[in-house]
Structure formats: C-alpha cells, structure tokens
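Notes follow once the structure below has been shown.
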Amino acid sequence: MRPTALLFLLLLWFSLFVAFAVLITLLVTIFLTGQNKLSWNLITNFPSADPEEAGARPAILGSVWAIGTTAVLTLPLGIAAAVHLEEFADRKRWFNKFVELNVQNLAAVPSIVYGLLALAFLSMLGVTNKNIVIGGALALTLLILPVIIIATREAIRAVPREIRDGSLALGATPWQTTWRQVLPASVPGIATGSILALSRALGEAAPLLVLGALVYITFDPNGLLSGYTTLPIQIFNWTGRPQEGFHELAGATSILLLAVLILMNALAIFIRNKFQKRW
C-alpha cells in the first residue's frame with residue numbers, strides 16, 4: 001500500500017474512533033446523570049417546581065400530538081409530490097428542473113429557518129397564539145417534507161422499468177401502473193424514509209422555540225389548537241435550571257427520548273428488511 005493511501009486510511013480510522021468516543025462518552029454521561037430519575041413519575045407526573053415531584057407527562061403527550069399531526073400533514077403531500085416528479089412530470093421542462101433543484105437544496109436548510117417560515121405564515125394568517133399544536137406541526141412539516149420527497153423518489157426509482165413496461169403492455173394506464181405496481185413495490189423504502197424523517201422531527205426543538213413554545217405547562221394537550229411542549233423543549237428547560245435535581249430529570253428525559261428514537265429507527269430497519277424486494 002502506498003504511504004499516502006495508508007495515511008488516508010489511518011486518518012479515516014482516527015476520525016471514526018473520535019466520533020465513537022465522543023458518542024459513547026455522551027451516552028454514558030447522560031445515563032449516569034439521569035438513571036436515578038428513571039421511574040413512572042417521569043412519565044405520569046406534571047412539571048413542578050420541586051424536582052422530586054416533576055415529570056414529563058405533558059411533553060410526552062405534546063410530542064405525540066406534534067409528530068402525529070406532522071405525519072398526517074407530511075406523508076400524503078410528500079409521497080404525492082414524489083410520485084408526480086418521478087412518474088408524471090416532464091423532466092425537460094425548466095419548471096420541473098427548478099422544483100427538483102429546490103427540493104434537494106431545502107433538505108439541507110437549518111431547522112430554525114423553517115421555524116421562521118412557519119412564524120411568518122401564521123402571522124400572515126392573523127394567528128396570534130402561535131404556540132399551538134398545528135403551528136408546531138406546520139414547522140416540522142416544512143422541515144421534513146423535502147426529506148420524505150427525496151426518500152420516496154429514491155424508492156420509486158429503485159423499481160425496475162420492466163415492471164412498468166409489463167403493466168402498460170397488459171393495458172393498464174400510467175396511473176393504474178403507478179398505483180397498483182410501482183407504489184406497492186416502493187413501500188419499504190417509503191416507510192423507512194418516512195420513519196427516519198419523523199425521528200428527526202421528534203428530536204427538533206429550534207423551530208418550535210421560534211414559535212414561542214411553552215417550556216412549562218401543567219395540562220395535557222388535547223387538540224390541534226391546544227398549547228403544548230415537547231420532550232426536547234422540556235429537556236432544554238430543565239437543563240437551564242440551577243438545581244441538580246432538574247439536571248437529573250433532563251438526563252432521564254434524554255434517555256427516554258433516545259429510547260423512542262432507537263425504537264423508531266429499529267422499526268424502519270425491520271420494515272426495510274421484512275418487505276424489501278430484490279429484483
């Protein structure tokens with residue numbers, strides 16, 4: 001092996017080692033900090049001025065409301081846009097090229113920008129209280145919509161052309177071919193990309209803080225127009241408190257959030273391996 005190639009390989013291994021060391025250190029620190037607060041009180045109790053009685057119940061329910069609403073808003077729109085761009089749009093038209101370029105660029109925009117866009121949109125509609133479930137879901141929808149469009153397009157593109165040609169040769173229309181052949185064959189890729197995108201939305205706090213997200217609520221969110229908070233915002237709040245008990249609560253809530261994210265990623269891997277077809 002040439003010296004330059006060996007040096008490059010060593011640098012790659014060193015970078016990998018540093019990344020894993022930082023990750024392991026962070027995980028161990030969070031676990032040691034929050035292990036004493038991992039109890040049912042964390043899930044069932046409301047926030048309190050006393051760290052011994054405080055819990056993250058509104059944040060858990062708020063995260064469920066926000067992510068559920070985001071999924072309802074994002075998945076139909078993202079999948080439909082991807083199907084149109086990949087199956088029906090004329091790729092030679094400048095407008096379609098312009099849309100494709102912007103979708104790819106929007107996937108790399110910082111999340112706080114989407115919070116500002118959602119804030120401007122709600123202000124334009126005359127919404128005074130912007131810390132509502134539908135407002136947060138709108139910001140998260142803008143955040144992950146490009147990711148879902150790109151993931152869905154890649155899944156559709158992976159379906160062999162012969163399947164489309166065979167369906168069309170048997171008399172099916174382009175829409176029937178897409179609905180009955182292409183989309184079912186793309187489900188594993190679409191589901192995997194969607195779950196990973198929703199996992200990202202679950203861990204976001206910046207766009208919700210821009211909308212004025214509450215950091216201390218003592219009620220359960222009960223609708224799209226209800227006030228809410230989420231797990232990342234609750235962690236942000238407790239981390240800034242001076243008492244050590246709140247730091248332990250932040251660590252325990254981080255473990256809870258991490259467990260949910262790992263479960264969502266595991267579900268994505270399961271769906272991909274279970275239903276993936278090899279052509």
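Laid out as a table, the results:
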quantity: R0 of 41 Å, Cβ-Cβ distance residue 92-residue 52: FRET efficiency to nearest 0.05; calculated: 0.05
quantity: For segment 1-99, average projected area of the Cα convex hull in nm²; calculated: 13.7 nm²
quantity: Segment 124-193: relative contact order as a whole-number percent, Cα under 8 Å and 6+ apart; calculated: 40 percent
quantity: Max mean-square fluctuation residue, GNM over the chain, Cα-Cα springs under 10 Å, options 42, 101, 196; calculated: 101
quantity: Gaussian network model of the chain, Cα within-10 Å springs - most flexible of 137, 81, 205; calculated: 81
quantity: Sum of -39500 (n - 2.57) over DSSP H runs of 4+, divided by residues of the chain (222 nm, nearest 500); calculated: -23000 deg cm²/dmol
quantity: All-pairs Cα distance distribution in segment 177-279, expressed in whole percent, bin size 10 Å; calculated: 13, 32, 27, 18, 8, 2, 0
quantity: Most fluctuating residue given options 202, 16, 32, as computed from a GNM of the chain linking Cα atoms under 10 Å; calculated: 16
quantity: Relative contact order [Cα under 8 Å, 6+ residues apart], the chain, whole percent; calculated: 29 percent
quantity: Helical segments meeting 30 Å axial Cα length and Kyte-Doolittle -0.5 threshold in the chain (DSSP H); calculated: 3-34, 57-83, 133-157, 244-275
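A short reminder: the numbers here are calculations on the coordinates, not readings from a lab. On a predicted model such as this, the values are computed, not experimentally measured, just so you know. All Cβ positions, even for glycine, are placed from backbone atoms using ideal geometry, and neighbour counts span all protein chains on display.
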